[in-house]
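Trainee: Structure incoming, see below.
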Amino acid sequence: MLKGRLGLEKARIPHADRHGLLWLERGELNVINGCLHFSSGERTENPTLDQIPHQAVSMILLGPGSRVTHDALRLLARHGTLLAAVGQDGVRSYTAPALMPDRSDYARRQAELWGNPRRRIAVARKMYALRLGEVLPHRDLDTLRGIEGSRVKTMYRLMAQKHGIEWRGRRYDRANPEGADMPNQAINHAATAVEAAAAIAVQCVAAIPQLGFIHEDSGQAFVLDIADLFRDSLTLGIAFTAARQSETSPYTIDRLVRYEAARAFRKQKVIPAMIDKIASILRMDELTHEGGQSDEPGDDRDP
């Protein structure tokens, strides 16, 4: 029954029936007797050794202070379990080897909507509706961007007032990011953290990072789309909280933002919320149970 050292040959479980994400940090991911284990505390007299149900997990997020063996990579690849190296609590996304889920429904749906101009603008309008709290009548993407940009300026000012931060406007030099004032530096760091969480969510459902509906040129365009959905509710709160803390804290603004982002990610369950947003904007509920496209009209209707 056993197929070599990697376990049962036909033990693979579809991702639709798996349990989602598993967070691991400060230990070693290895294989013992054909099973995946995570050992921690190996430098102590009583190290812990936990068996990982890798066949029932869609994605393992490996945090700081961790190692992974070659055998572990082989086992994960065999069972289609995604592995991503991330920062603490998902505030950074460093790499995700090509151990993708055994599904293409999100990617096919995304490509279908992106490839049709009317459907593409419909998705973009839905995303703006989620961000702005209302459905705008405009169907031109540049016009939508201009309206959103104006409202974001107001949101920056209001959030700064709420946290007691002096705000001089959104200004920073990409060539010299540390030359910006503290609130702008905090926003930059917070945006990086939230984009990391969005990257994990996009990787988890095997969507296509390059096919954005609002962002276009970046290789992470769809990741940026998802991150922007959480700008007002998450990114700015993290940034201005950390900026206020920096007035009395000895820590760098980068460290303060990372700690505040980690706290917010845990409390608000950000990555699962992002996965739900992806399913919503791609209208995954419109697909039939057989995996095909719904025949109902209105794919280009108002969001």
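Trainee: State the number of residues belonging to segment 195-215 that are assigned to a loop (DSSP other than H, G, I, E, B) and of a type in the set (Gly, Ala, Ser). Walk me through how you get there before you give the answer.
Mentor: Filtering segment 195-215 down to residues assigned to a loop (DSSP other than H, G, I, E, B) leaves 205-215.
Of the ones still in play, those that are also of a type in the set (Gly, Ala, Ser) are 206-207, 212.
Matching residues across segment 195-215 total 3.
Trainee: Applying the selection to segment 123-136, what residues are in a loop (DSSP other than H, G, I, E, B) and small (Gly, Ala, Ser)? Lay out the reasoning, then the answer.
Mentor: As a first pass, look at segment 123-136 and keep what is in a loop (DSSP other than H, G, I, E, B): 133-136.
Answer for segment 123-136, where residues must be in a loop (DSSP other than H, G, I, E, B) and small (Gly, Ala, Ser): just Gly133.
Trainee: Any idea which of Ala72, Ala84 is buried (at least 18 other Cβ atoms within 10 Å of the Cβ), in a strand (DSSP E or B) and touching a strand residue (DSSP E or B) at 6+ places or on another chain (Cβ under 9 Å)?
Mentor: On the way: Ala72 fails: in a strand (DSSP E or B).
Every option except Ala84 fails the conditions.
Trainee: Another question, then. Where residues in segment 174-204 are of a type outside the set (A, V, I, L, M) and touching a Leu at 6+ places or on another chain (Cβ under 8 Å), which of them is modelled with the lowest pLDDT? Steps first, answer last, please.
Mentor: To start, the set of residues in segment 174-204 that are of a type outside the set (A, V, I, L, M) comprises 174, 176-179, 181, 183-185, 188-189, 192, 195, 203-204.
Filter again for touching a Leu at 6+ places or on another chain (Cβ under 8 Å), leaving 195, 203-204.
Details: Glu195: 94, Gln203: 86, Cys204: 83.
Across segment 174-204, the extreme among qualifying residues is Cys204.
Trainee: Just to be sure before I move on: is Arg139 under 24 Å from Glu247 (Cβ atoms) and part of a loop (DSSP other than H, G, I, E, B) in the structure I sent?
Mentor: Details: under 24 Å from Glu247 (Cβ atoms): no; part of a loop (DSSP other than H, G, I, E, B): yes.
So Arg139 fails the test.
Trainee: Count, please, the residues in segment 244-283 that happen to be surrounded by fewer than 21 Cβ atoms within 10 Å (Cβ to Cβ) and either in a loop (DSSP other than H, G, I, E, B) or in contact with a Phe, Trp or Tyr (Cβ under 6 Å, 6 or more places away or on another chain) (or both).
Mentor: 9
Trainee: May I ask you to say which residue of Gly133, Gly169 is within 25 Å of Val257 (Cα to Cα) and surrounded by fewer than 16 Cβ atoms within 10 Å (Cβ to Cβ)? Steps first, please.
Mentor: Values: Gly133 fails: within 25 Å of Val257 (Cα to Cα).
The conditions single out Gly169.
Trainee: Moving on to the next point. Only one residue in Ala221, Ala201, Ala196, Ala207 is outside the structural domain of Leu21 (by TED's automatic domain parsing) and touching a Phe, Trp or Tyr at 6+ places or on another chain (Cβ under 6 Å). Which one? Break it down stepwise before answering.
Mentor: Values: Ala221 fails: touching a Phe, Trp or Tyr at 6+ places or on another chain (Cβ under 6 Å); Ala201 fails: touching a Phe, Trp or Tyr at 6+ places or on another chain (Cβ under 6 Å); Ala196 fails: touching a Phe, Trp or Tyr at 6+ places or on another chain (Cβ under 6 Å).
Only one candidate passes the filter, namely Ala207.
Trainee: Take the conditions surrounded by fewer than 19 Cβ atoms within 10 Å (Cβ to Cβ) and assigned to a helix (DSSP H, G or I) and apply them to Ser218. Does it pass?
Mentor: So Ser218 does not fit the description; no.
Trainee: Which of the residues belonging to segment 36-54 are surrounded by 14 or more Cβ atoms within 10 Å (Cβ to Cβ), outside any loop (DSSP other than H, G, I, E, B) and at pLDDT 70 or above?
Mentor: Hits for segment 36-54 are Leu36, His37, Phe38, Ser39, Ser40.
Trainee: Here's something else I'd like to know. Check segment 196-213 and report whether any residue there is surrounded by 19 or more Cβ atoms within 10 Å (Cβ to Cβ), over 14 Å from Ile278 (Cα atoms) and within 13 Å of the chain's Cα centre (by Cα).
Mentor: yes
Trainee: Is one or more of the residues making up segment 170-180 touching an Asp or Glu at 6+ places or on another chain (Cβ under 7 Å) and in contact (Cβ under 8 Å) with a residue 12 or more places away in the chain?
Mentor: Within segment 170-180 (the criterion being touching an Asp or Glu at 6+ places or on another chain (Cβ under 7 Å) and in contact (Cβ under 8 Å) with a residue 12 or more places away in the chain), the answer is no, since none of the residues qualifies.
Conditions (1) farther than 23 Å from Arg255 by Cβ; (2) among the hydrophobic types (A, V, I, L, M, F, W, C), marked per residue:
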residue: Arg174; (1), (2): no, no
residue: Pro183; (1), (2): no, no
residue: Ala190; (1), (2): no, yes
residue: Ala206; (1), (2): yes, yes
residue: Asp217; (1), (2): yes, no
residue: Ile226; (1), (2): yes, yes
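Trainee: Would you call Arg5 farther than 23 Å from Val202 by Cβ and at pLDDT 85 or above?
Mentor: Details: farther than 23 Å from Val202 by Cβ: yes; at pLDDT 85 or above: no.
It is false that Arg5 is farther than 23 Å from Val202 by Cβ and at pLDDT 85 or above.
Trainee: Can I ask one more? May I ask you to list the residues in segment 143-194 that are of a type in the set (D, E, K, R) and either under 23 Å from the mean Cα position of the chain (by Cα) or not in a helix (DSSP H, G or I) (or both)? Spell out how you get there, then give the answer.
Mentor: Quick first cut of segment 143-194, residues of a type in the set (D, E, K, R) only: 145, 148, 151, 153, 157, 162, 166, 168, 170-171, 173-174, 178, 181.
Result: Arg145, Glu148, Glu166, Arg168, Arg170, Arg171, Asp173, Arg174, Asp181.
Trainee: I want to confirm something. Restricting to segment 17-34 and keeping residues that are more than 19 Å from the chain's Cα centre (by Cα) and surrounded by fewer than 16 Cβ atoms within 10 Å (Cβ to Cβ), which single residue is modelled with the lowest pLDDT? Before the answer, list the steps.
Mentor: Quick first cut of segment 17-34, residues more than 19 Å from the chain's Cα centre (by Cα) only: 17, 26-34.
Retained after the next criterion (residues that are surrounded by fewer than 16 Cβ atoms within 10 Å (Cβ to Cβ)): 17, 26, 32-34.
Values: Asp17: 57, Arg26: 86, Ile32: 87, Asn33: 84, Gly34: 83.
Going through the qualifying residues, I end up with Asp17.
The values are calculated or read from the model by the stated rules, or taken from the named source; none is laboratory data. Quick caveat: nothing in here was measured; it's all calculated off a predicted structure. Positions of Cβ are generated from backbone atoms using ideal geometry, with glycine treated the same way; all protein chains shown enter the neighbour counts.
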